[in-house]
Amino acid sequence: MKRLSFNDQIARNKRKSFSLIFVIFIVFLALGYVIANIFAPGSFFLVMIIAIIFSLSYIFGTYYNSHKIAVKSVGAKKASRENFPQYHSLVEGIAISSGMPKPDLYIMNSNQINAFATGRNPSHAVICVTRGAIEKLDKRELEAVIAHEMGHIANYDMRYMTIATVMVGLISIISEIFLYSLWFGGGTGGGGGDNKGNIVFIIIGIVLAILAPIIVQLVQASISRKREFSADASSAKFTRYPDALIRALEKIKNDQPTPYQNKNKKVNKALAPLFFSNPFKNMRNLGSSHPPIEKRIEALKRM
């Protein structure tokens, strides 16, 4: 079996992620072009400028408060050094070895083994682990999971995923507005005398408006899966001991959630990409935000 370098794995997955977000951008441009030609031919650039201004405003509003939104939404509490000394010491050790500032630490009251990182940059970052992770993982396994989350912070994954999420949301909003306008406004727009050309654009627009949100959501999930592989590689890089992360993943795979955990009352599906493992264990399809645990273990064994 050919061994993987964790640096090569990180670089490879970053390249794939940039390619995938380029696909989202192309879909965004194609949808804008078709809608502009239906309702206001010649105004493509104006439509794009308005859409970009709207999306940037949304980015700054959510991006600068992402850490506050995430910890509040799952009911997480700050982890004091007095109550969680090992948690603090492990994070401090990884922060020193990686050259990053120590993030704020939180605890989520769940028996699942899980964790997540959020924040706009390494200086404004948060790591949150569940009580299940604290109680069920040994010291090396917990260190590996924390290193994975520190990998997300080091790779600026939150900034990258915020851009992808906003573009996906914007495409969905534009698609809904377009279909609504066609239904109630007739969709004649400013097409002039070329009715056949306008009808062709309307048909293309309807197909794009229906398929585009599905396509970009699948692409977003694919981006998230690539970032998980990169963070796993970062964990191996920081700890130099991928076996600990393998053991943690095996424990998660064999962990049996209680009925309360299956309901995931405190986890919004929009936050699923943040977590170390998918908190919705029944989601194992193309739309899943995480790669199968078996594939993550296989990649780690090759490092």
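Observations on the model:
- Scanning the range 161-180 for residues that are within 30 Å of Gly93 (Cβ to Cβ) and either of a type in the set (S, T, N, Q) or at pLDDT below 90 (or both) turns up at least one hit.
- Some residue of the range 1-9 being modelled with pLDDT under 70, closer than 23 Å to Leu211 by Cα and not in a helix (DSSP H, G or I): no
- Subset of the range 220-255 that is modelled with pLDDT of 90 or more and among the acidic types (Asp, Glu) - its residue that is nearest to Ile24 (Cα to Cα): Glu228
- Of all the numbered requirements in (1) of a type outside the set (D, E, K, R); (2) in contact with a Lys or Arg (Cβ under 9 Å, 6 or more places away or on another chain); (3) at pLDDT 70 or above, Tyr63 misses one, and that requirement is (3).
- Here Ile26 clears all of (1) surrounded by 15 or more Cβ atoms within 10 Å (Cβ to Cβ); (2) within 21 Å of the chain's Cα centre (by Cα); (3) modelled with pLDDT of 70 or more; (4) of a type in the set (Val, Ile, Thr) except the condition numbered (1).
- Val145 of a type in the set (Val, Ile, Thr), at pLDDT 95 or above and buried (at least 18 other Cβ atoms within 10 Å of the Cβ): yes
- The criterion of being closer than 20 Å to Tyr241 by Cα and in contact with a His (Cβ under 8 Å, 6 or more places away or on another chain) holds for Ala115.
- Each residue in the range 117-163 was checked for being of a type in the set (A, V, I, L, M, F, W, C) and out of contact with any Pro (no Cβ under 9 Å at 6 or more places or on another chain), and 11 pass.
- Between Met167, Met158, the distinction of being farther than 25 Å from Pro242 by Cα, under 15 Å from the mean Cα position of the chain (by Cα) and surrounded by 17 or more Cβ atoms within 10 Å (Cβ to Cβ) belongs to Met167 only.
- The set of residues in the range 227-253 being free of Cβ contacts under 8 Å to residues at least 60 places away in the same chain and among the basic types (Lys, Arg) consists of Arg240, Lys253.
The values are calculated or read from the model by the stated rules, or taken from the named source; none is laboratory data. Quick caveat: nothing in here was measured; it's all calculated off a predicted structure. Ideal geometry is used to build each Cβ from the backbone, glycine not excepted, and the neighbour counts take in all protein chains shown.
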